[in-house]
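Nothing in this text is a laboratory measurement; each read-out follows from the coordinates by a stated rule. Note that the structure is a prediction, hence the values are computed from the model and not measured. Every residue, glycine as well, gets a Cβ built from its backbone with ideal geometry; the counts of neighbours run over all protein chains shown.
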Amino acid sequence: MPRSVSLSVRLATRADASEFLALIQALADYEALSGPTEAAKERLVVDAFDCQPPRFFVHLAFEENNPEPLGYTITFFTYSTFLAKPTLYLEDFFVRPEARSKGAGSALFDFQVREAKRLGCGRLEWTCLDWNTLAQGFYEKRGAHHLDDWRVYRLTEEDFTRWN
């Protein structure tokens with residue numbers, strides 16, 4: 001469906017830090033979670049904009065003539081030994097609810113697919129919460145496959161204390 005607004009996606013810069021942090025809080029609100037602490041916000045800004053190389057990449061979607069971003073993605077690389085290629089991992093993918101009918105989600109997702117291809121990745125991977133049927137429909141409409149044979153496991157920083 002043609003869009004009446006022009007959208008763009010670009011790499012965030014340090015000047016975008018406050019908008020980036022506001023989008024993370026908006027995602028936390030959407031998922032009914034508490035957002036990052038002040039210390040975590042400081043680490044996010046440093047890790048995205050001050051580390052060389054950055055620990056992750058932030059991309060923002062904008063509507064023409066609107067300086068406020070509609071959404072964002074965070075990506076970083078993992079590696080597939082069997083493919084012997086990098087995987088672009090999509091950690092966060094969020095569009096403000098009021099902007100979802102404008103095509104910002106499609107612009108961000110399409111941008112990441114093109115980036116994975118441009119960077120020679122063998123995969124683009126992400127996780128999705130089981131209750132988020134809106135997101136699941138969005139991904140499946142674009143040909144994404146839900147993997148039934150893999151489960152996501154996690155150890156947290158608190159769990160690390162069991163190791164010396």
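Note on the chain: GNM, Cα springs under 10 Å; of A26, A40, A104, the largest mean-square fluctuation is that of A40.
Straight-line cross-link reach from K102 at under 17 Å between alpha-carbon atoms covers these aspartates and glutamates, not counting any fewer than eight positions away in the same chain: E63, E64, E68, D110. Dividing the alpha-carbon Rg of the stretch 73-164 by 2.2 N^0.38 Å yields what? After normalising by residue count via 2.2 N^0.38 Å, the value is 1.26. Going by neighbour counts of Cβ atoms within 10 Å, the residues D47, D149, D16, D159 line up, fewest first, as D149, D159, D47, D16. With neighbours defined as other Cβ atoms within 10 Å of a residue's Cβ, the residues V152, V46, V58 order from fewest to most as V152, V46, V58. For the stretch 40-91 versus the stretch 102-164, the inter-centroid distance based on Cα atoms is 13 Å.
With the convex hull of its Cα atoms as the shape, the chain has an orientation-averaged projected area of 12.0 nm². Would you compute, from DSSP H runs of 4+ residues alone, the mean residue ellipticity of the chain at 222 nm, taking -39500 (n - 2.57) per run and dividing by the full residue count, rounded to the nearest 500? My calculation for the chain gives -9000 deg cm²/dmol from helical runs alone. The residues packed around K117, meaning those with a beta-carbon under 13 Å from its beta-carbon, carry a net charge of +2 if Lys and Arg are +1 and Asp and Glu are -1. Cross-link partners of K117 among lysines, defined as those whose alpha carbon lies under 18 angstrom from its own and excluding same-chain residues fewer than eight positions apart: K85.
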